[in-house]
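A short write-up of the structure that comes next.
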Amino acid sequence: MTASNKQILDRAVAENCFKLFADYELKIRAREPGDAVHVERFLMCGIIGFTSKKMRGVLALATTKEPLELTNHTTTTHRDWICELANQLLGRVKNQMLLRGVEIVPSTPIALRGDHLSPVTQQGLVSELFTAERGLVCVWMDCEFDDDYVLPEAGECATPPVPEGDLLLF
C-alpha cells in the first residue's frame, strides 16, 4: 500500500472511531507517545472484511471490558456488540470512501475473545490506540491495493452516502 493510501485510510479510521464512540457517549482520545500502556487484555475483537474493485482488506476493533460495556445500551451480548461496532465503523469509512468514488462491500463481521490479544504498536500494525474514560480501544485496518492504485481525491459523488444514524427504506 502506498504511504498516501495508508495515511488516508488511517485518518478515516481514526476520525470515524472518535465519532462512533462519541455517538455512544464515550469520549476516547488518541494515546500520546509518552502514555504508558498497561498490558490489559482486550475483552473482545470485532473483525470485518471488505472488498472493492481495487482494494481488499480487513478492519479490526478491539476493546477492553469498560468501553464495550459503557457503549452497549441494550441487552446485546459482548460478542454481538463488538461485531456491531466494527460493522458501524466500517460503514462510516465506507461513506468516506464513496466520496472518493470507491465502493466498499463489507462481509459479515466476526468476533474473537480477547484472551490472547494485546496492543501491538509496531509501525504499520495498529492505526490507533485510544484511551477511554476507563479502558482501551484499538482499531486497525489491514488493506491491500491493486498495483499502482492511488485512492482518488474526495469529490462530489452522484448519490451522496446516507448519513450515519439515518434509516433508508425502499
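General remarks:
- Output for the stretch 115-138, where each listed residue is among the hydrophobic types (A, V, I, L, M, F, W, C) and modelled with pLDDT under 70: Val120, Leu125, Val126
- Test: residue in the stretch 143-157 that is in contact with a Leu (Cβ under 9 Å, 6 or more places away or on another chain), loosely packed, with under 10 Cβ neighbours inside 10 Å and at pLDDT below 85: yes
- Residue among Val13, Val37 that is at pLDDT below 90, β-branched (Val, Ile, Thr) and either in a helix (DSSP H, G or I) or surrounded by fewer than 14 Cβ atoms within 10 Å (Cβ to Cβ) (or both): Val37
Residue-wise test of (1) surrounded by fewer than 16 Cβ atoms within 10 Å (Cβ to Cβ); (2) under 17 Å from the mean Cα position of the chain (by Cα); (3) not basic (Lys, Arg).
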{"site": "Cys17", "(1), (2), (3)": "no, yes, yes"}
{"site": "Thr64", "(1), (2), (3)": "no, yes, yes"}
{"site": "Thr74", "(1), (2), (3)": "yes, no, yes"}
{"site": "Leu85", "(1), (2), (3)": "no, yes, yes"}
{"site": "Arg92", "(1), (2), (3)": "no, yes, no"}
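- Scan of the stretch 52-67 for residues that are closer than 22 Å to Ser107 by Cα, in contact with a Leu (Cβ under 9 Å, 6 or more places away or on another chain) and not in a strand (DSSP E or B), ordered by number: Lys54
- Checklist (1) within 26 Å of Ala154 (Cα to Cα); (2) at pLDDT 90 or above; (3) not in a helix (DSSP H, G or I); (4) not aromatic (Phe, Trp, Tyr) applied to Leu20, failing item: (3)
- The lone criterion from (1) crowded, with 17+ Cβ neighbours inside 10 Å; (2) part of a loop (DSSP other than H, G, I, E, B); (3) modelled with pLDDT of 90 or more left unmet by Thr108 is number (1).
Results for (1) modelled with pLDDT of 90 or more; (2) in a loop (DSSP other than H, G, I, E, B), shown as yes or no for each residue.
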{"residue": "Asn87", "(1), (2)": "yes, no"}
{"residue": "Leu90", "(1), (2)": "yes, no"}
{"residue": "Trp140", "(1), (2)": "no, no"}
{"residue": "Glu164", "(1), (2)": "no, yes"}
{"residue": "Leu167", "(1), (2)": "no, yes"}
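- The single residue among Met44, Met55 that is touching a residue at least 60 places away in the same chain (Cβ under 8 Å) and surrounded by 20 or more Cβ atoms within 10 Å (Cβ to Cβ) turns out to be Met44.
The values are calculated or read from the model by the stated rules, or taken from the named source; none is laboratory data. The model shown is predicted, which means the values in this text are computed figures rather than measured ones. Cβ sites come from the backbone with ideal geometry, for glycine too, and all protein chains shown count toward neighbours.
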